[in-house]
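All of the numbers you see were taken from the coordinates with simple rules; none came from a lab. Only a predicted model underlies this, so the values are computations on that prediction, with no experimental measurement involved. Methodologically, a virtual Cβ is constructed for each residue, glycine included, from the backbone with ideal geometry; neighbour enumeration extends over all protein chains shown.
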Amino acid sequence: MADLFVNGIILGSIITLGAIGVTLIADILNFFNFAHGDMLSFGAYMAFFFVGVFPSWGNFPFLSFGPSMILAIILAMIITAAFALFFDKILFKPLRHRGASELFLALSSLGVAFIFRSIIRLVWGPQAKYFGGLQMARRYPLGITIKPDEFFIVGTALFLVIVVYLFLTRTKIGKAMRAASDNETLARITGIDTERVVNWTWIIAVSLTAAAGVLYGIQVQLRPIMGWNILIPIFVAVVVAGVGDLWGAMVGAMIIGVSQELLTGLLQDMFNSLNVDVLMTAYKPAIAFVLMIIVLLFRPQGIFGTGE
């Protein structure tokens, strides 16, 4: 049980970064970005590329990678954000200026998702990729087994969440983003450069999701479809928490991550004891949807939503 809970925290940490990105775009740009998952995959593959071309600088103590991975994560975040800004200029910005609906913007982002996925398949192929070799998990009290890399995953996610929180609350552009989120028209009247706000929204949201992709790749493996598979838990985390709340997105992600791991693990043990041949990991998205339905039945605006 404790081991499943810890696995849920690790998964929830990855979902958190993606959920914050989704909630920022949904809150400020007013649409759900279906390309978010494939941007996550693209960030992971960009880091894989850079790790392959950088010289070998050795590994950090106890980790399966070294300084090259840190630099690769930073560059992957920058390049993925640059691609997002490019698509905003050629696609989303013209649509916004023409008064496109939220639904049409969301459907357009689905087309962008296919573009990212096609680039990945064209450049790296459909085969699974790995950042490094296998790493042995260490055993801790209560039957908990954790790989050293997983400490890095949780720590990095927490660090990035704190950085974004400080950016949104302590910087001028961060405060402008919050003002535009509350009332875009009023923000524009008061002299806030809303286009600059849009640019920074894409930069922060997509940088976070690129980092999430790298952390997810460290945890599992790199596949072109990896981002699409985790997109459902990310969206569910945002809906469960309520759009627009940074800490709410984190809590929602943890709820989804822990619930998926606990429920699938316990159900798998039950079916194994009954000699029923079923793989419960395939039903993780279904568990996420059930949790979302339960929450929305009692809190249609989400756990932290205001209902406005």
* To do: Arrange the peptides 2-15, 290-303 so that the one whose residues have, on average, the most other Cβ atoms within 10 Å appears first.
  => 2-15, 290-303
* Structure fact -> Whole-Hz Karplus couplings 3J(HN,Hα) for region 27-33, θ = phi - 60° and coefficients 6.51, -1.76, 1.60, Gly and Pro as x, run 7, 9, 9, 6, 7, 8, 8
* To do: Return one number: the angle in degrees, 0 to 90 and rounded to the nearest 10, between the long axis of the Cα atoms of helix 226-241 and the longest principal axis of the Cα atoms of the chain.
  => 70
* **P(r) of region 263-303 over all Cα-Cα pairs, binned every 10 Å from zero, in whole percent** => 29, 37, 24, 10, 0
* To do: Could you list the square roots of 5 times each eigenvalue of the Cα gyration tensor of region 65-184, that is, the equivalent ellipsoid semi-axes, sorted largest first and rounded to whole Å?
  => 35, 24, 14
* Quick one: go through region 201-221 and flag any residue whose amide nitrogen is under 14 Å from the point 7 Å out along the Cα-to-Cβ line of R96. => 201-206
* Structure fact -> Expressed in µm² per second, the diffusion coefficient of the chain from the Stokes-Einstein equation, with Rh the Kirkwood radius over alpha carbon pairs, at 4 °C and 1.567 mPa s, is 65
* With each run of n ≥ 4 DSSP H residues scored as -39500 (n - 2.57), what mean residue ellipticity at 222 nm is computed for the chain after dividing by its residue count and rounding to the nearest 500 deg cm²/dmol? -> -24000 deg cm²/dmol
* **Under 27 Å from K284, Cα to Cα: lysines that are on another chain or at least 8 residues apart** => K129, K147
* Asked: Relative to the first principal axis of the alpha-carbon coordinates of the chain, what is the inclination of helix 284-298, with its axis defined by its Cα atoms, in degrees from 0 to 90 and to the nearest 10?
  -> 50
* **Between region 93-135 and region 256-273, the Cα center-to-center distance that results, in Å** => 31
* **Taking the C-alpha atoms of region 129-221, convex hull volume expressed per residue in Å³** => 120
* By average C-beta atoms within 10 angstrom, highest first, the peptides 45-56, 244-255, 68-79 -> 244-255, 68-79, 45-56
* Structure fact -> Checking L186, L91, L208 against a Gaussian network model of the chain (alpha-carbon springs below 10 Å), the top fluctuating residue turns out to be L186
* Taking H as built 1.01 Å from N, whose amide H comes closer than 5 Å to the amide H of T145, not counting residues under 5 places away? -> Y140
* Sequence neighbours fewer than 8 away in the same chain don't count; with that in mind, list the lysines whose C-alpha is under 28 Å from K172. => K89, K93
* For region 149-158, just list the computed ³J(HN,Hα) in residue order, Karplus coefficients 6.51, -1.76 and 1.60, θ = phi - 60°, integers in Hz, with x standing in for Gly and Pro. => 4, 6, 5, 5, 4, 5, x, 5, 4, 5
* **Net charge contributed by nearby residues that have their C-beta within less than 13 Å of K93 (K/R +1, D/E -1)** => +2
* For region 170-308, report the translational diffusion coefficient in µm²/s to the nearest whole number, using Stokes-Einstein at 25 °C, 0.890 mPa s, and a Kirkwood Rh over Cα pairs. => 141
* Structure fact -> Helix 246-273 sits off the longest principal axis of the Cα atoms of the chain, rounded to the nearest 10 on a 0 to 90 degree scale, by 30
* **Burial order of peptide ranges 276-288, 215-227 (average beta-carbon count within 10 Å, highest first)** => 215-227, 276-288
* **Kirkwood Rh in Å, taken over all unlike Cα pairs in region 1-154** => 17.7
